[in-house]
1. Could you look at the chain and say what percent of its accessible area is carbon and sulfur, using a 1.4 Å probe and all protein chains?
2. Straight-line reach from residue 126: which aspartates and glutamates have Cα under 16 Å away, leaving out those fewer than 8 places along the same chain?
3. Could you please report the charge total around residue 229, scoring K, R as +1 and D, E as -1 over all other residues with beta-carbon less than 9 angstrom from its beta-carbon?
4. Quote the charge dipole size of region 242-357 about the Cα centre in Debye, to the nearest 20; the model charges only the Cβ of Lys and Arg (+1) and of Asp and Glu (-1).
5. When DSSP beta bridges are limited to those with both residues in the chain, what percentage is antiparallel, rounded to the nearest 5?
6. In percent, how large is the relative contact order of region 62-185, given Cα pairs closer than 8 Å and 6 or more residues apart?
7. Need one value: the accessible area of residue 69 in square angstrom, 1.4 angstrom probe, rounded to the nearest 10.
8. Net charge near residue 334: determine it from the other residues with C-beta under 11 Å of the C-beta of residue 334, scoring Lys and Arg +1 and Asp and Glu -1.
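The values are calculated or read from the model by the stated rules, or taken from the named source; none is laboratory data. These numbers were taken from a predicted model, which means no experiment stands behind them. Neighbour counts are summed over all protein chains in view; Cβ atoms, including those assigned to glycine, are modelled from backbone coordinates with ideal geometry. Heavy atoms of the whole protein, side chains included, go into the accessibility calculation; ligands, DNA and RNA do not. Shrake-Rupley method; radii C 1.70, N 1.55, O 1.52, S 1.80 Å.
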Amino acid sequence: MKQLAFGDKTISRPIIQGGMGVGISLGNLAGAVAKEGGVGIISTAQIGFREPDFYDCPMDANIRAIPLEFQKARAIAPKGVIGFNIMVALNGYKECCEAAVLAGADVIISGAGLPTELPKYVEGSKTLIAPIVSSKKSASVILKLWHRKYKRTADFLVIEGPMAGGHLGFSKESMEEYLENGYDDYYENEIRDIIAVVREYEDRYQHKIPVFVAGGMGQYEDLERMRSLGADGIQVATRFVTTKECDAPEAYKERYLDSKRDDIKIVSSPVGMPGRAIVNFFMEQVLEGKKFPPKRCLNCLKKCNPAEIPYCISQRLIMAASGQVEQGLLFCGANAYQEQELTTVGEVMRELCGENR
Ligand SMILES: Cc1cc2nc3c(=O)[nH]c(=O)nc-3n(C[C@H](O)[C@H](O)[C@H](O)COP(=O)(O)O)c2cc1C
């Protein structure tokens, strides 16, 4: 495969491993992916959940865990491209970005809102930045804003489609439209339109802005199809969950392997955004309207009123990451049911790049 430049480094396989919070993509998975020539991404969402003082001062614990996980990944892939996924919707966004830069992150990828201030937080560093967008409109808005305000553009860009896991950047209505009318006809046009917007900024800044498409990408054919639309690579998350190197507990990986197509549903997260998850015992109760008032607030989301939500998203993601797979929230991509057995990062990377045919 052709090498792709990432700042002063290169990747030998055009694969970004998508950030997975809480506790699913930490230093071990990110390091393994970077070692195999892709981009390894650590999620900062409640990254400090295993620190002893986490429940007293979650923010301090999270900031402290950022360099620790980064060093873990760096020890596995001394020359690899390693970075962080930092969600705009979370409290402490600025502090997490600054800690990531200080740790030596090669890249920061930000979604769950538009990362309007991100260029400011990486100024003077070598950390590359990429927004995650789901529509032509959001691509245009963020690139125009960075151009006007900071006289710079994205170093690369991630397009996240409706087959992805975790929170989705679509309204419930547009999700239904895409899923009913077929991905190919609807979303591929959006991908082409977003790439056309990116090309304008490539011309303006006279440098390449690699584009990676995320959401349901699991096979070499997906990579080829996205390349035929003009993308440079793919961002993949779900396929890496069932690898030996993934930071999730074994019970979490087993739950993925046991899941059937019908177990995977679009659910509403407590703050109203649609998300995709495995319907386990906990989620069945939520879907029936049961409420789980939070005992304490971990102050995670900027827009959350603990008095009004059906459950605390941080608490349920932490439960899942601690192995309580029937009581926790298990985010997953639309194709999670296809995973058949525990594998390795190297094997997934080779499959995604069509190397073992
Ligand atoms: C378990 C899980 C957790 C995720 N957590 C995050 C997150 O913390 N931040 C984020 O921007 N995206 C998150 N995502 C989305 C992924 O980074 C990725 O873009 C998407 O899932 C790609 O689709 P795929 O899973 O079908 O490969 C998560 C996805 C999964 C499956």
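1. Working: 7350 of 15060 Å².
Ligands and nucleic acids excluded, carbon and sulfur reach 49 percent.
2. Partners found: 8, 98, 106, 155.
3. Values: positive: 192, 225, 227; negative: 188.
So the surrounding residues net to +2.
4. Values: 16 positive and 16 negative charges, 133 e Å.
Here the size comes out at about 640 debye.
5. DSSP beta bridges in the chain are roughly 30 percent antiparallel.
6. Contact order relative to length: 18 percent.
7. Estimated to the nearest 10 Å², residue 69 gives 20 Å².
8. Values: positive: 261, 265, 276; negative: none.
Summing Lys and Arg as +1 and Asp and Glu as -1 gives +3.
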